[in-house]
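The structure under discussion appears below in the form of structure tokens.
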Amino acid sequence: MILGVTLLVFVVLQFAPGDRAVAALGEGASQEALDQYREVNGFNDPLFIQYFTYLGKLITGDFGTTLPPAKPITEVIASAFPVTLQLTFLGVVIAVVISLVFGVLAALYRDTWVDQAIRVFSVAAIATPSFWLGILLIQWFALGDNSWFPSGGLADPDDGFMGWLSSMTLPALALAIPVSASLIRVVRTSMVEELDRDYVRTAIGNGVPYTTVVSKNVLRNALVTPVTVLGLRIGYLLGGAVVIEMIFSLPGMGQQILNGITSVDTNLVQGVVLVIAVTFVLVNILVDLLYLLINPRIRTV
């Protein structure tokens, strides 16, 4: 999958508008200088040779350098990637909390007004684009008299944890709410299926408290499917973080992708996209391993 991503990104960027030699040397560069730059950097080689050259550098950890003023791309990613990870992690935490609370309530009070209200919320949230929700959150909670949170930017390290949380709350909410809405429906469906199983009625009939059955058996068995869906939604969160970072002026991977696209810096775009793709693959591997903790019976399969 990672090799496929490197090939796809490499090929697509070859057809991107703009000339990398002109972007590097400037509009006033002579034709001789441009030709020499293309020859030195291998731009005149066939595409498959360029790709394998790029792949060989990746294996050694060489992502290349940015356009002048040249800077190692690994340094750029090292400064931007933690911001995106922090935003995505907080978004996952918020999405998990919202989906578990609302999904369990909807299942326990199925077909009541509680269930109906949660359904309306989930449908509305699924239909809400995260970038539009981010703009609304800024208007509601960061402007005028309701300036409870900053409208953008990353808090200074001297502000401590609360400063960081304040700067990350609105963008994390903009990411988490649409994701949590789809997870609510999955959690509710899984919970309802488990609640209707024979072992639940047997346990309750034998005098086991209902809350104990739900918390220790039903909830644990019902989490397998939601965890699978959450692993797939990580990709949405990472991709959404790129857009949300631009809205909230966060110096993360989204800012670097935009810089790379506007300056025709293909090395930077390739490096950033590849790191995001590898992160997505690794997260899904971790999700698969979580199955063993949630349902130990899988170990014997």
Total charge dipole magnitude, the chain, about the Cα centre, Cβ charges on Lys, Arg, Asp, Glu only, Debye to nearest 20: 1360 debye
Fraction of the pair-distance distribution of region 129-249 above 22 Å, Cα-Cα pairs, percent: 53 percent
Neighbourhood net charge (11 Å Cβ-Cβ; Lys/Arg +1, Asp/Glu -1) for Leu258: -2
Convex hull of region 1-62 built on C-alpha atoms - directionally averaged projected area, nm²: 4.7 nm²
Where region 1-62 is the region considered: accessible area per residue in Å², 1.4 Å probe: 68 Å²
Electrostatic dipole magnitude of region 1-62 [Cβ: Lys, Arg +1; Asp, Glu -1; Cα centre; debye, to 20]: 260 debye
Per-pair calculated FRET efficiency, R0 = 45 Å: Glu27 and Leu85 via Cβ, rounded to 0.05: 0.75
Within a Gaussian network of the chain (alpha carbon springs, distance under 10 Å), most fluctuating of Val12, Val83, Val96: Val12
Solvent exposure of region 83-298 as accessible area per residue, Å², 1.4 Å probe: 49 Å²
Size of charge dipole - region 106-253 - debye, nearest 20, with Cβ of Lys, Arg +1 and Asp, Glu -1, no other charges: 600 debye
Sorted largest first, extent of the chain alpha carbons per principal axis (Å): 87, 57, 35
Between region 127-177 and region 101-123, the alpha-carbon center distance in angstrom: 27 Å
Choice from Pro209, Pro150, Pro82 with maximal GNM fluctuation in the chain (Cα, 10 Å cutoff): Pro209
In nm, spacing of pseudo-spin labels at Leu232 and Thr74 (7 Å Cα→C-beta vector): 3.6 nm
Asp198 paired with Ala155, simple spin-label distance in nm, labels 7 Å along Cα-to-beta-carbon: 5.4 nm
Sulfur and carbon atoms: percent of accessible area, the chain [1.4 Å]: 67 percent
Alpha carbon convex hull of region 131-186, projected area averaged over orientations, nm²: 4.5 nm²
Helix-only mean residue ellipticity at 222 nm for the chain, each DSSP H run of n ≥ 4 adding -39500 (n - 2.57), per residue, nearest 500: -24000 deg cm²/dmol
Cut-off 12 Å between beta-carbons: net charge of the residues surrounding Val218, Lys and Arg +1, Asp and Glu -1: +1
Difference of contour (0.36 nm per residue) and Cα-Cα distance, Asn41 to Leu143: 31.9 nm
Crossing angle, helix 266-294 versus the chain [Cα axis fit, 0-90 degrees, rounded to tens]: 20 degrees
FRET efficiency estimate (nearest 0.05) - Cβ-Cβ, Ile135 to Leu7, R0 35 angstrom: 0.45
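The values are calculated or read from the model by the stated rules, or taken from the named source; none is laboratory data. This is a predicted model, so every value here is computed, not measured. Using ideal geometry, Cβ is built from the backbone for each residue, glycine included, and neighbour counts are taken over all protein chains shown. Side chains included, ligands, DNA and RNA excluded: accessible areas come from the protein's heavy atoms. Shrake-Rupley method; radii C 1.70, N 1.55, O 1.52, S 1.80 Å.
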